[in-house]
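K.L.:
Quick one: the structure is below, and I'll ask about it shortly.
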Amino acid sequence: MAEAITSSVIPFELESENQKDKIKEITDKLEAGIKDLFNSEKYMEYLQTMSKFHNYSFNNTLLIMFQKPDASAIAGYNAWKDKFHRQVKKGEKGIKIIAPAPYKKTIEVEKLDKAGQPVFDGDGKPVMTTKEIQVPTFKITSVFDVSQTEGEPLPTIATQLEGNIETYEKFFRTLKEISPVPITLEPIDSGANGFFNPVENRIVVKDSLSEMQTIKTAIHEIAHAILHSLPEKGEDGVTVDDRPDSRTKEVQAESVAYTVCQRFGIETSDYSFGYIAGWSSGQETKELKASLEVIRETASDIIEKIEEKMPELAQERKAVKQAD
């Protein structure tokens with residue numbers, strides 16, 4: 001397998017010595033970088049990364065993108081060697097991410113009887129016993145991209161959607177099966193490529209689009225159906241509509257569609273993300289991060305469901321869904 005020309009890793013230089021301070025230092029870098037995501041070039045770069053690492057946490061997705069934006073398949077040093085028969089090249093720098101590092105601790109607690117009540121000794125004092133608990137902590141660990149390794153080639157998706165009518169028909173049929181509402185192909189006179197009707201609970205895609213545009217539009221509208229359906233009445237009979245504004249809805253749906261399409265090799269980068277920068281201006285970091293998490297979770301859910309229905313498309317994910 002020919003090695004592609006890729007960028008080098010730009011690791012974070014961490015000045016702290018203990019793990020707690022390192023975690024704070026690296027999360028501070030995350031917060032500082034979130035605002036910069038929302039110019040169109042960086043946002044598309046983030047979504048491309050997210051499509052490849054949709055099983056990683058939101059924070060680790062950002063960490064991967066910040067340090068090696070062209071990364072395509074990530075695993076730990078031992079995972080590359082033991083599971084994929086590839087060796088990290090000499091001199092390569094690791095991509096730092098945050099990994100769980102729980103440890104067990106023995107503590108002293110009051111002994112309880114079968115009814116869950118404290119047990120007392122002859123002097124009326126509670127009887128003590130020991131209990132082992134697991135304490136959740138985190139550590140900084142390093143992973144490597146496939147371009148930083150050499151050895152046996154990774155499996156790739158055998159067929160591409162472009163130009164393959166059989167694959168297109170199966171892909172579109174799969175989207176109809178995983179959609180929360182029915183999808184139909186119909187003429188649309190308004191100029192729109194498609195729409196989700198929350199009142200009738202259905203999706204319409206224009207019947208004269210190209211295959212790629214049909215797939216992309218269907219995913220966009222499925223995202224609307226998942227995220228922006230009409231709210232239901234609460235137990236008190238009051239309906240609270242907490243859906244985002246129209247512009248935010250479009251940003252979310254388009255971002256999900258872009259991410260899912262990127263995951264399956266459908267290039268839609270000609271769609272402009274410039275308006276996303278305008279949407280993000282004036283937003284608080286917490287609000288921006290919350291919307292990105294919604295996009296990531298929705299795209300990940302759609303990707304998982306497509307790959308369950310079309311296992312041939314899951315070959316690549318199974319090969320790279322590993323880390324130490």
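The values are calculated or read from the model by the stated rules, or taken from the named source; none is laboratory data. Not measured: the values here are computed from a predicted model. When we count neighbours, we look across all protein chains shown, and the Cβ atoms used for this are built from the backbone with ideal geometry, even at glycine. Side chains are part of the model used for accessible areas, which takes the heavy atoms of the whole protein and leaves out ligands, DNA and RNA. Shrake-Rupley method; radii C 1.70, N 1.55, O 1.52, S 1.80 Å.
K.L.:
Taking the stated definitions as given, is Asp82 open to solvent by less than 90 Å² (accessible area, probe 1.4 Å) and without any contact (Cβ under 8 Å) to a residue 12 or more places away in the chain? Show your work before the answer.
P.N.:
On the way: open to solvent by less than 90 Å² (accessible area, probe 1.4 Å): no; without any contact (Cβ under 8 Å) to a residue 12 or more places away in the chain: yes.
It is false that Asp82 is open to solvent by less than 90 Å² (accessible area, probe 1.4 Å) and without any contact (Cβ under 8 Å) to a residue 12 or more places away in the chain.
K.L.:
Search region 268-310 for residues being basic (Lys, Arg) and closer than 25 Å to Asp28 by Cβ, and hand back the single one that is modelled with the lowest pLDDT. Talk me through it step by step, then tell me what you get.
P.N.:
In the first step, residues of region 268-310 are kept if they are basic (Lys, Arg); the result is 286, 289, 296, 305, 309.
Then keep just the ones that are closer than 25 Å to Asp28 by Cβ; that gives 286, 289, 296.
Values: Lys286: 63, Lys289: 68, Arg296: 86.
Per the criteria, the residue is Lys286.
K.L.:
Continuing with the same structure: Would you pick out the residues in region 84-98 that are small (Gly, Ala, Ser) and more than 14 Å from Ala71 (Cβ to Cβ)?
P.N.:
Taking region 84-98 as the starting set, the residues that turn out to be small (Gly, Ala, Ser) are 91, 94.
Within region 84-98, Gly91 is the sole residue that qualifies.
K.L.:
Name, by its number, the condition in (1) open to solvent by less than 30 Å² (accessible area, probe 1.4 Å); (2) touching an Asp or Glu at 6+ places or on another chain (Cβ under 6 Å) that does not hold for Ser147.
P.N.:
So the condition that Ser147 fails would be (2).
K.L.:
Let me ask something additional. Does region 165-205 hold any residues that are part of a loop (DSSP other than H, G, I, E, B) and surrounded by 13 or more Cβ atoms within 10 Å (Cβ to Cβ), and which are they?
P.N.:
If the condition is that a residue be part of a loop (DSSP other than H, G, I, E, B) and surrounded by 13 or more Cβ atoms within 10 Å (Cβ to Cβ), then Ser179, Val181, Ile188, Asn193, Pro198, Asn201 are the ones that fit.
K.L.:
Name the pairs whose Cβ atoms lie under 7 Å apart, with the first residue in region 119-135 and more than 10 Å from Lys105 (Cβ to Cβ), the second hydroxyl-bearing (Ser, Thr, Tyr), and 6 or more positions between them or separate chains?
P.N.:
Thr130/Thr106
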